[in-house]
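What follows is one structure encoded as structure tokens, with my remarks underneath.
Every number here is computed from the coordinates shown, using simple stated rules; none is lab data. A quick note: this is a predicted structure, and the numbers were derived from the prediction, not measured. Heads up, the Cβs are rebuilt from the backbone with ideal geometry, glycines too, and the neighbour counts pull from every protein chain shown.
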Amino acid sequence: MKDFPSSSAPDPRIQRAFEYLVETDETTIKTQIELSEIPAPPFQERQRGLRLAELFTSAGLLDVRADEVGNVLGVGPGGSEGGALVVSAHLDTVFQEGTDVSVTREGDLLTGAGISDDARGLACLMAVARALQASGLHTIRPLLFVGTVGEEGMGDLRGVKHLFRSGGEGSGASAFISLDGAGLDRIVVNGLGSRRYRITVRGPGGHSWVDWGTPNPLHTLNRIGARLTALPLSTQPRATLTLARTGGGKSINAIPQQCWLEIDTRSSVGEHLDDLQAQIRAAVEAEVAREPGLHATIEVVGDRPGGETDEDEPLVQAALEATRQRGRMPQLALSSTDANVPMAMGIPALTLGCGGDAGLAHTTDEWYRNVDGPDGTIRALHTVLLYAGVAPGK
């Protein structure tokens, strides 16, 4: 097991920071509600980002700014020893423009689209920043706080990909933590890879009676779908193929000129994704060849790399210890989050839930219950301190 920096020596500032998170839990909840009620549809995170920037500034973060793609960044109270620890949560939701994102509250139960995923992560991110400010704690390593764009769906992790591009703000980071949703036991250390496709089939089209017999793109697309759903898929390690969305055509009494199908493939093993990609291409080519006059294109519309962070990494050891200190049994888990990108690059990365309980994610009935909520914010802060180290007090 590798050694990792520790805040285990008695330091009254650490205890004050933990107590602060308990005492200001209502502030954390109000922040969660406020940010959840600012719409952040796919590719439209700007308004929520502007508010997060204001909150970053009020929490004492320095050099607060938005980058070219809309990520919001702020420098935390850290030193200059080693590469930075990036602490993040994502700004975007899955909900389209016009979705009602108002939040209702009944005691410790909050209900609203996006209230957990990821308004809870953003509120936890702010709680950690405020606790550092209130306690006067400084870490030995630099800290970079980030609200990322494009974590969900067709966003394709564009925010974190930009962050870790060559020469990007995160390119010299030593580690990465994503704060995402609720929960207190799971530590995501395996990144589930995914590759997504849009298959488009085009033909001359025509009238459904007069031109009957003209090659029909939709018939061909349906046969492609049938081929793909019959493919044998690996069960260990698991691989999945989902026909997710389809559309096309102009009228019920017309042969379509164009139809499309979107497919989601997932696996923790890159070779499985490569194999599925080859089989998708073969199915499309075979079915289109049966109908002269039809043409097809296959577009990769999403590519999330897979990866993993070894349990012996100091970052994981820090998260395990912080979880145990909350009286919980940590569970190492697999998921698809912003942490996928740094994992794939060999940068230690993980994702933590932020306390409480939640359900019905990605629906307008999404809910969050604030049970042991402060334990989630304390776990996040404790993980940061254990990994980044605590600088001596002045």
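Some points to look at:
- Diffusion coefficient, µm² s⁻¹, Stokes-Einstein with Kirkwood Rh over alpha-carbon pairs of segment 193-304 at 10 °C and 1.306 mPa s: 109 µm²/s
- Residues S116, S58, S102, S335 in ascending order of nearby Cβ atoms (within 10 Å, fewest first): S102, S58, S335, S116.
- Packing-based ranking, highest mean first, of 322-332, 266-276, 372-382 given that Cβ atoms within 10 Å are counted: 372-382, 266-276, 322-332
- Per residue, the chain reaches -10000 deg cm²/dmol at 222 nm when only DSSP H runs of four or more residues are counted, each adding -39500 (n - 2.57).
- Most fluctuating residue given options G248, G193, G112, as computed from a GNM of the chain linking Cα atoms under 10 Å: G248
- Most mobile of V22, V64, V300 in a GNM of the chain (Cα contacts under 10 Å): V300
- Test item: Cα-centred dipole of segment 298-373, Lys/Arg +1 and Asp/Glu -1 on Cβ, debye: 300 debye
- Relative to one another, the C-alpha centroids of segment 197-253 and segment 138-176 are positioned 37 Å apart.
- When you restrict to C-alpha pairs under 8 Å that are six or more residues apart and normalise by the size of segment 193-304, the relative contact order lands at 45 percent.
- Legend note: in the chain, cysteines whose Cβ sits 4.7 Å or more from every other cysteine Cβ are C259.
- Placing +1 on the Cβ of every Lys and Arg and -1 on the Cβ of every Asp and Glu, with nothing else charged, gives segment 193-304 a dipole about its Cα centre of roughly 240 debye.
- Alpha-carbon centroids, segment 337-394 and segment 41-57: separation in whole Å: 19 Å
- 9 Å beta-carbon shell around T111, net charge (K/R +1, D/E -1): -2
- Just checking the listed ones, D117, D92, D100: in the Gaussian network model of the chain with Cα springs under 10 Å, the one fluctuating most is D100.
- Legend: ranking of residues L179, L218, L360 from fewest to most surrounding C-beta atoms inside 10 Å; resulting order L360, L218, L179.
- A dipole drawn for the chain from +1 and -1 charges on Cβ atoms has a positive end, and of G270, F56, L228 the residue lying farthest that way is L228.
- Each of A131, G206, I298 was scored by the projection of its Cα onto the charge dipole of the chain, and the greatest displacement toward the positive side belongs to G206; charges sit on the C-beta of Lys, Arg, Asp and Glu.
- About its Cα centre, the chain has a charge dipole of approximately 460 debye under the convention of +1 per Lys or Arg Cβ and -1 per Asp or Glu Cβ, with nothing else charged.
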